[in-house]
Each structure stands twice: as C-alpha cells, then as structure tokens.
Amino acid sequence: MRIAFFDTHHFEKDVFQSANEKYGFQIEFLDVRLSAKTARIVEGAEVVCSFVNDKLNEECINVLKEMGVKLIALRSAGFNHVDLTAAHKSNLIVTRVPGYSPYAVAEFGVGLLLTLNRKIHRAYFRVRELNFSLDGLVGFDLHGKTVGVIGTGRIGKIFAQIMTSFGCRVLAVDLQKDSELEKNPGITYTDLQSLCRQSDVISLHVPLTLGTHHIIGEKALSEMKVGVFIINTGRGALIDAKALIKGLKAEKIGGAALDVYEEEEEVFFHDLSDKILKDDTLARLLTFPNVLITSHQAFLTKEALGNIALTTLESIDEFRKTGSVSRSKVVSPEDRIRTGL
Ligand code: NAI
C-alpha cells in the first residue's frame, strides 16, 4: 500500500521509517504541504498522511477523492485543519493520533513559563556576550501564585498537576470537570471570568473550536490582573493576537509565551532567516522582550514522535486489513459538530 506523506520534516522521517519496518508500506516522503494545489501529486496512493499546517478544505478533499485516496491519516491530535463534512461526503476515513504524549506538551508549557518568568532566554544570550549584569532579569516565585488552566483534558490536567507541585493554587475551566482533579485540594473549577480575574498565570489547553476561537480576546484580557502571564501551547487562534499586542503595549500583560500563533501556517516549521517577514503582527510580537515565541514544538519529544509514528501506521494497517479503523482513532462530522468547527 502506498502512502503519500506530506510536509515531511527531518525530525520525523527516520522515526516513521523505522516504525514502518514492521509494516512494509511504500511511503513517499514529500516536502510540500497538502492543499488543493498540491493534492494531485498523490496519484496512485490510497493513503495520505498529513500534518497540522496542511489545508484539507473541501476543494482539496474533492481532488483527493478524484485521485483515488481512501484514508487521510493525520499525524496530529488536532483536526481543525480538515473539513470533516467534505471528507464524510467523499467517503474518506480520517484518522488522528488522539494522545501521543500529553507530558511532552504539558512539560513544554511549564518550560515556557519558567523561561519567560525568570528571563532565561535573555540571560542565555547576555552571558554568551560576556554581559554578566543581572539588571532587568527579576522574576517572581511561582510558589503561592494562582495559575489558571483553561482546558483540563489530557494535557491541561498534567499541566495543572505540575503547577500544584510547585505550590501554586490552580483555577480550572472546562466543559467537563475531571473527577481526579476535583478531588485535588490545590485545584478548583470555576468560570472563565473568575479565572481571568484571579490568575497570575493563564495557560491554554483547549482545542480550537467555534466556542474557543479568541477565547482570550479584548473582553477576557480586560478582566485579567495587571502583570498576568499568558502561556499558549493550544492553538494560535485561541488568542486574538491584535488584542494581545494592545495589552502588551499597555503593560497590562506581564508576559506571553506562545508555541502556536494564529497565522503560523505561512511561517512555522520553515527557515525564513534570509527572507523578509511579511506578517506585521508576528513582527510586532517579536519586538517585545517579554514575549517568547517557539515554532509549534511542544509535542517534539522522542516519545511523542515514536507514538505518533506507531499509532498512525497501526491505523493504516488496520485499514489495509479490514477496510475500516476503530472509532477511537477516527474523526467524523459528529466531532466537527461537537467542536463547532
Ligand atoms: P483533550 O481533548 O484531551 O482536552 C481538551 C479539553 O478542552 C477537554 O477536556 C474539553 O472538555 C475542553 N474544552 C473543549 N472546549 C471547551 C470550551 N469551550 N471551554 C472549556 N473547555 C473546553 O485535548 P488535549 O490532548 O489535552 O489537547 C489540547 C489541545 O492542545 C489540542 O486540541 C491541540 O490543539 C493542542 N496541542 C498542541 C500541541 C503542540 O505541539 N503545541 C500538541 C498537541 C496538542
């Protein structure tokens, strides 16, 4: 069986090749991203394997169908970049990797918070230039602070638990309360407004849906404490970047650490070091000393990559043997309706 593997990165190719020894699929590693424009290259492949910044809109799905594709295997947990209704209409199965390593993302979120707060990113460069001054590097103790966690699913739950071990009080918001977290005396479920009003740090762990799009916008920001730190390892469009810039300029926001960005498709995962950055919002964000941006790397651990490769190939193998894939790994239009995407 042939797999057209779109948007291949060095960091994943070897992992997929070694996981594939067991299955013997014919994987064609392609550098280009999947979109309506590039979808025709799949000719002869029954399966496409897609990453987070591919654009699987209706037009792209129709071309895939026309080219004889039967299965779209997403090597991500998120599926907001796929038109699931169009896929369903075209009888295309869409699989994903629901939880490859929540620790990878939660631990990275904590790393961002520590780096931003204690200004380790700035200290690193200073010392390399033999500037041993400490001026401008004052942080705050996390112990005793209030941390707001928006979304307590697989990743948010671990992030919340790590924060309680730092001696923080955790306020949580979720449509569904986690029974284990509810029993933890350091964690209290509340509503978004109270979380915004009381938290010193706010970390985002909800998926991108109609209900969460710009969940951090002008209104939520106006409720927040002066000096609040915002950490986003969820999806870029959870934050209204223009409102964030306003809050940073007004010195209302103490710091923002962003592993994801609303318009990241054109920028993240590419080496643009000899190009002109066209995105003025991102360019402005990069000028703030208290903004730390990483290029959607929270998932990037050996364990997570191994799990992504194994689960993706397992799903494809199940499809090869039975013509279908178990429900827990499939995303369907019901998921789209549930999430409002
Ligand atoms: P999950 O599905 O286990 O948890 C999401 C939680 O958000 C659920 O408990 C759900 O009830 C809650 N939720 C959904 N809509 C809500 C709303 N409107 N208000 C309050 N709560 C709401 O997902 P998981 O695995 O924890 O991942 C969370 C997100 O992290 C993913 O959707 C993805 O966007 C992002 N992610 C980012 C990665 C990165 O490398 N930066 C890697 C993996 C995931």
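The values are calculated or read from the model by the stated rules, or taken from the named source; none is laboratory data. Remember, it's a predicted structure, so these values are computed and weren't measured experimentally. Heads up, the Cβs are rebuilt from the backbone with ideal geometry, glycines too, and the neighbour counts pull from every protein chain shown. Keep in mind that these areas ignore ligands, DNA and RNA; they rest on the heavy atoms of the full protein, side chains included. Shrake-Rupley method; radii C 1.70, N 1.55, O 1.52, S 1.80 Å.
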Based on this model, can you work out whether residue 256 counts as under 21 Å from residue 206 (Cβ atoms), within 16 Å of the ligand (Cβ to nearest atom) and in contact with a strand residue (DSSP E or B) (Cβ under 8 Å, 6 or more places away or on another chain)? yes
If the Cβ limit is 6 Å and pairs must be 6+ apart or interchain, which residue in the stretch 198-223 that is under 14 Å from residue 243 (Cβ atoms) and open to solvent by 30 Å² or more (accessible area, probe 1.4 Å) pairs with which residue that is among the hydrophobic types (A, V, I, L, M, F, W, C) and not in a loop (DSSP other than H, G, I, E, B)? 213/237; 215/238; 218/243; 223/196
Filtering the stretch 1-17 for residues that are touching a Gly at 6+ places or on another chain (Cβ under 9 Å) and part of a helix (DSSP H, G or I) leaves a count of 1
Per the filter on the stretch 173-196, residues open to solvent by 30 Å² or more (accessible area, probe 1.4 Å), of a type outside the set (Ser, Thr, Tyr) and more than 19 Å from residue 142 (Cβ to Cβ) are 174, 175, 176, 177, 178, 180, 182, 183, 191, 192, 193
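I'd like the full set of residues that are among the acidic types (Asp, Glu), assigned to a loop (DSSP other than H, G, I, E, B) and touching a Phe, Trp or Tyr at 6+ places or on another chain (Cβ under 9 Å), limited to the stretch 254-303.
Residues of the stretch 254-303 among the acidic types (Asp, Glu): 259, 262-266, 271, 274, 279-280, 303.
Those left that are additionally assigned to a loop (DSSP other than H, G, I, E, B): 259, 262-263, 271, 274, 279.
Listed by number, the residues that qualify are 259, 279.
Hey, could you check the stretch 188-242 for residues that are among the hydroxyl-bearing types (Ser, Thr, Tyr) and under 15 Å from the mean Cα position of the chain (by Cα) and say which is nearest to residue 157 (Cα to Cα)?
Only one residue fits best here, namely 203.
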Scanning the stretch 71-110 residue by residue, those open to solvent by less than 10 Å² (accessible area, probe 1.4 Å) and touching an Asp or Glu at 6+ places or on another chain (Cβ under 8 Å) turn out to be 71, 75, 84, 86, 104, 109
The stretch 150-209: helices (runs of 4 or more DSSP H) wholly inside it with 1 or more residues that are near the ligand (Cβ under 7 Å from one of its atoms) and touching a His at 6+ places or on another chain (Cβ under 9 Å) are 154-165
